[in-house]
Ligand code: FAD
């Protein structure tokens, strides 16, 4: 199975993360059932840079593969890993039946300064894309077809094997050395074999739409999915800004801070994310990717408010 963004209705997808403790599995399985019930094109699972969540990521991905009809998409990071280590990791995931990836450079673990970090053999996400592509091609050679009018030449169909997504940054990357480095990086990732980009979160639809225009002008042709994160409390906003180094969204921050109740703050976050989803779709986005924070109610509420799904389907209890 592979990821198809062309078929209606509006393609949706979600990001979840492996539970931090064993006790977190049952609630996450329940969330996966609810998310799967609205027919997402894929559910992606984060991967701790340096392999900190590796085993649990794979366990969650194989759960999604086994228990749902949804394509599981594995985030993989290369920071701190050797070439041989990354090669073995890709094989392990492919052996487990995972064939869709989000190839990332990864951030140094919290508390590690960038300069103290062993950055590993793969210096960028583009090199990881290339490695995934190569490992897959060794296992299952590309389909080849003659090129009409060019005797002896063949065309390879790269899309037949794995789907490789990559990250994109509407605001640029906080450590970019110049204004268009993030777009050059995206071009390099596409040239290396990436078939899809998923953006970092953003707070204003024009940030996404302007970035897509700039990327297209620079020659990027792969679909660029907008990554939307419902921000449902002032604490979540603070934490998100710390991690992403994005500019503070003044209106959203004020709306969250003046709302006294948890329910009210949640409604503010859902309405803001739903408005973003509507605006990027109106602007031509190929789908909606939601950062779910392992909670289905909020992201399904966003999709309902945005008019993308009619209502969250009723979930039947599992039969044991
Ligand atoms: P690259 O494509 O290699 O770099 C992109 C650009 O980032 C470069 O061109 C440059 O502008 C800049 N850059 C990156 N690092 C440096 C540097 N050291 N010095 C200078 N410039 C630099 N992280 C995880 O650990 N696990 C995850 O599961 C995960 N999931 C993510 C999902 C999405 C959708 C996104 C948007 C990000 C995710 N991240 C995750 C974070 C990501 O690993 C970091 O943002 C990382 O710094 C850049 O990754 P990349 O793959 O874009 O790197």
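Each value in this text was obtained by applying a stated rule to the coordinates, not by laboratory testing. None of the values given here were measured: they were computed from a predicted structure. Note: ideal-geometry Cβ built from the backbone for every residue, glycine included; neighbour counts use all protein chains shown.
What number, rounded to the nearest 500 deg cm²/dmol, is the helix-based mean residue ellipticity at 222 nm of the chain, given -39500 (n - 2.57) per DSSP H run of at least four residues and division by all its residues?
Using -39500 (n - 2.57) per qualifying helix, the result is -13000 deg cm²/dmol.
From the mean inverse distance of alpha carbon pairs (Kirkwood) and the Cα radius of gyration, derive Rg over Rh for region 193-290.
With Rg and the Kirkwood Rh in hand, the quotient comes to 1.01.
Need one number: convex hull volume per residue for region 8-91, Cα atoms only, in Å³.
97
For the chain, what does the relative contact order come out to in percent, with C-alpha contacts under 8 Å and a separation of six or more? Write out the running numbers ahead of the final one.
On the way: 533 pairs, mean separation 57.3, N = 320.
Here the relative contact order equals 18 percent.
Starting from the Cα of residue 278, step 7 Å along the direction of its Cβ; do the same at residue 181; then give the gap between the two resulting points in nm.
Going from the residue 278 label point to the residue 181 one covers 3.8 nm.
Calculate the FRET efficiency for residue 123 and residue 221 from the Cβ-Cβ distance with a Förster distance of 30 Å, rounded to the nearest 0.05.
Working from the Cβ atoms, E equals 0.80.
Work the Kirkwood hydrodynamic radius out for the chain: mean of 1/r over every pair of different alpha-carbon atoms, inverted, in Å.
For the chain, inverting the mean 1/r across all distinct Cα pairs yields 20.5 Å.
Helix 262-282: angle to the longest alpha-carbon principal axis of the chain, degrees 0 to 90, nearest 10?
It is inclined by approximately 40 degrees.
Gain in length, residue 62 to residue 238, computed as 0.36 nm per residue apart minus the alpha-carbon separation, to one decimal in nm?
Gain on stretching residue 62 to residue 238: 60.1 nm.
Any chance you could give the angle, 0 to 90 degrees and rounded to 10, that helix 181-192 forms with the longest Cα principal axis of the chain?
Tilt of helix 181-192: around 50 degrees.
How much of the DSSP bridge set in the chain is antiparallel, in percent, rounded to the nearest 5?
For the chain, the DSSP antiparallel bridge percentage is about 10.
Can you tell me the 0 to 90 degree angle between the C-alpha axis of helix 54-67 and the longest principal axis of the chain, rounded to 10?
That works out to roughly 80 degrees.
Rounded to the nearest 0.05, what FRET efficiency is calculated for residue 311 and residue 144 with R0 set to 41 Å and r the Cβ-Cβ distance?
Details: r = 47 Å, r/R0 = 1.15.
Between residue 311 and residue 144 the formula returns 0.30.
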